[in-house]
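Accompanying notes for the structure given below.
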Amino acid sequence: MNYWLVKSEPEAFSWDQFVQDGKAMWDGVRNYQARNHLKAMRTGDLVMFYHSVSEKAVRGVGQITREFYPDPTVNDERWVAVDLKPVYRLKNPVSLATIKQDERLSGTALIRQSRLSVMPLTPDEFNRMLELGEAVEL
DNA sequence: GCCAACGTTGGC
DNA sequence: GCCAACGTTGGC
């Protein structure tokens with residue numbers, strides 16, 4: 001089992017929309033490093049859903065339901081998409097400020113590499129976010 | 001192969 | 001709204 005974090009601007013695709021839809025296709029990634037992380041995702045992996053820019057907080061957790069396939073939104077075989085479904089919401093969204101301050105979270109790729117939109121998390125980082133966020137099943 | 005110019009992301 | 005970081009493009 002691997003753990004990940006993906007970013008979305010809530011104005012483009014929000015956590016609430018994700019929950020309402022009950023699923024999402026994660027497409028549109030146009031960065032090789034992020035793409036490589038998408039390709040490494042396996043069915044069952046858990047993914048923190050982070051709202052960037054206007055909110056800057058982790059809102060919940062998704063789970064991979066379909067491993068990578070060609071991104072249908074572009075005619076270019078380099079780019080891929082995965083599918084996921086919402087599994088936990090965070091009662092207490094974990095803010096970027098909190099992540100920066102927390103001893104166990106301050107080393108995450110989210111801080112070190114602020115422009116990367118798909119990144120791995122260690123099990124410890126993932127569990128810490130679940131704990132701080134007071135995760136509840138959907 | 002280098003690097004300047006430029007575009008995008010995302011925090012502040 | 002600004003700007004730092006950084007990825008990409010294209011001229012040489």
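The values are calculated or read from the model by the stated rules, or taken from the named source; none is laboratory data. Source: prediction; values computed, not measured. Here Cβ is always computed from backbone atoms with ideal geometry, including for glycine, and neighbour counts include all displayed protein chains. Ligands, DNA and RNA are stripped out before the accessible areas are found, and what is left, the full protein with its side chains, is counted by its heavy atoms. Shrake-Rupley method; radii C 1.70, N 1.55, O 1.52, S 1.80 Å.
Here residue A:106 clears all of (1) touching a residue at least 24 places away in the same chain (Cβ under 8 Å); (2) in contact with a helix residue (DSSP H, G or I) (Cβ under 9 Å, 6 or more places away or on another chain) except the condition numbered (1).
Name the residues in the range A:20-34 that are within 15 Å of DNA strand C (Cβ to nearest atom) and either assigned to a helix (DSSP H, G or I) or open to solvent by less than 30 Å² (accessible area, probe 1.4 Å) (or both), would you?
Across the range A:20-34, the qualifying residues are A:29, A:32, A:33, A:34.
Within the range A:64-77, restricting attention to residues that are open to solvent by 50 Å² or more (accessible area, probe 1.4 Å) and touching a strand residue (DSSP E or B) at 6+ places or on another chain (Cβ under 8 Å), the residue that is farthest from DNA strand C (Cβ to nearest atom) is A:65. Screening residue A:108 with (1) over 15 Å from residue A:129 (Cβ atoms); (2) within 16 Å of DNA strand C (Cβ to nearest atom); (3) crowded, with 18+ Cβ neighbours inside 10 Å gives one miss only, at (1).
Residue by residue, here is whether (1) over 25 Å from residue A:114 (Cβ atoms); (2) open to solvent by less than 30 Å² (accessible area, probe 1.4 Å); (3) touching an Asp or Glu at 6+ places or on another chain (Cβ under 9 Å) holds:
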| site | (1), (2), (3) |
| --- | --- |
| A:18 | no, yes, no |
| A:36 | no, no, no |
| A:41 | no, yes, yes |
| A:44 | yes, yes, no |
| A:49 | no, yes, no |
| A:61 | no, yes, no |
| A:79 | no, yes, yes |
| A:90 | no, yes, yes |
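Contact map, the range A:110-130: residues that are on the phi > 0 side of the Ramachandran plot paired with residues that are part of a helix (DSSP H, G or I) and not β-branched (Val, Ile, Thr), Cβ distance under 8 Å, separation 6+ or inter-chain. No pairs are found.
For the range A:57-79, filtered to residues that are of a type outside the set (Val, Ile, Thr) and touching a helix residue (DSSP H, G or I) at 6+ places or on another chain (Cβ under 6 Å), the residue that is farthest from residue A:100 (Cα to Cα) is A:68.
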